[in-house]
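The values are calculated or read from the model by the stated rules, or taken from the named source; none is laboratory data. Because the structure is a prediction, the values reported are computed rather than measured. Note that each Cβ is placed from the backbone with ideal geometry, even for glycine, and that neighbours are counted across all protein chains shown. For accessibility, only protein heavy atoms count, side chains too; no ligands or nucleic acids. Shrake-Rupley method; radii C 1.70, N 1.55, O 1.52, S 1.80 Å.
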Amino acid sequence: MRDGGRYYIYFSAGRASAHRMYVISSTSPDSGYTAETKPALPDDKWAINGTMFTCDGTRWFVWFIWSGWAGDTNVEQNLYIARMSSPTTRTGARYVISQPRESWERVVGNPFINETPEAIKDPNGQLHIVYSANGSWSDQYCLADLRLRAGGDPTYVWDWYRSNGCLFGSNRATMMPGWNPTLEVNGPGHHSFVLLDGDIATSPPAGPTFRLMFHAVPKGTPYSWANR
C-alpha cells in the first residue's frame, strides 16, 4: 500500500506457531526498502495475510486486518481488525469480525479457516471485506464476503453481514443462492483487488468491472498448492 509518500509491503514469516506479520517500507516502489519490522499486533498471536486500509468519515481511520488464531493452538483461523495510528503502529485491542462457523465454510478444515481479507468499497460506498474460506489445500477453497452495515462500527462483529455462501468458487453446493460456480478453474481464492494506488477510496476503479488476481488450479489439473 501507499501512504504519505511511502510504500508499505506486509508479509508473514515464521514456522508453525511462530508465524507473525512483518512490514517493510520505501519511498520508491521498487527499491530502497527498510529492514523488516514486526507491528505490535494485539496479543501477539499467530497471524498471516495482514493488510491495511483507510476509510473516510469521522469514525473510520486507519485499520489493519488479518487472519489469526484466538490462542496458541491451531483450532481455527479468524479474521481480526485493529485500529492503527500509522501504517506500522496499532492502537487499542484486536476485534474478531469473522469466524468460520457456517456449514459452507466448514466443508474442508483442520483447521477451519477465514483468511486473505481484502477491503473494497462497492459503488454505493459500502465497505466490504472479501475473504477466503475452506482449506486452500482443496478445491473447496472459495471467496466470500463481509459487508459492514451503513453507519456500522468496524470493530463490532454483529455490524458485519456475511454472504450466504461462496461468491467465487468451483462447487455449486457451497455457492450463494443465485451464483454459479467457475467454468475454467477450481478452488479460486487468496485474491487481490487491482486498485489505483492500492487505495479502496478508488474502488471500484473502472466502473462496474475491474481486475482481480487470485490463486486457482485449471480445470482438469489435480488440485494441489504446487499447481496453483
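Points to keep in mind about this one:
- Whole-Å semi-axes of the ellipsoid equivalent to the chain (Cα gyration tensor, √5λ, descending): 26, 21, 19
- Taken one residue at a time, the phi angles of region 36-45 give Karplus couplings (6.51, -1.76, 1.60, θ = phi - 60°) of 5, 10, 9, x, 7, 5, x, 6, 6, 9 Hz. Gly and Pro are set to x.
- The alpha-carbon of residue 45 sits under 14 angstrom from the alpha-carbons of these aspartates and glutamates, leaving out residues fewer than 8 places away in its chain: 72, 76.
- Phi angles of region 111-119 translate, via the Karplus equation with coefficients 6.51, -1.76, 1.60 and θ = phi - 60°, into HN-Hα couplings of x, 7, 9, 10, 8, 6, x, 9, 8 Hz per residue; Gly and Pro are given as x.
- Ordering of 142-153, 101-112 by burial proxy (mean other Cβ atoms within 10 Å per residue, highest first): 142-153, 101-112
- Rolling a 1.4 Å probe over the protein heavy atoms gives the chain an accessible area of 50 Å² per residue.
- Gyration tensor (alpha-carbon) shape descriptor, region 61-129, a/c threshold 1.5: oblate
- Potential lengthening between residue 91 and residue 194 on full extension [0.36 nm per residue; Cα-Cα distance subtracted]: 34.3 nm
- Label-point gap, in nm, between residue 99 and residue 202 - each point 7 angstrom along Cα→Cβ: 3.8
- Rounded percent of accessible protein surface that carbon and sulfur make up, region 9-57, 1.4 Å probe: 50
- Once the chain from residue 210 to residue 43 is taken as fully extended at 0.36 nm per residue, the excess over their C-alpha distance is 56.5 nm.
- Surface accessible to a 1.4 Å probe, residue 6 within the full protein complex, Å²: 70
- Computed log₁₀ I(q)/I(0) - Debye formula, equal Cα scatterers, no solvent, region 25-84, q 0.13, 0.14, 0.25 Å⁻¹: -0.47, -0.53, -1.05
- Using a probe of 1.4 Å on the protein chains alone, the accessible area found for residue 118 is around 40 Å².
- Across the protein chains, with a 1.4 Å probe defining accessible surface, the residues 228, 83 rank 83, 228 from largest area downward.
- Charges were assigned to the Cβ only: +1 to each Lys and Arg, -1 to each Asp and Glu. The resulting dipole of the chain about its Cα centre is roughly 120 debye.
- Local charge for residue 100 was computed over the other residues whose Cβ lies under 15 Å away, with Lys and Arg +1 and Asp and Glu -1, and equals -2.
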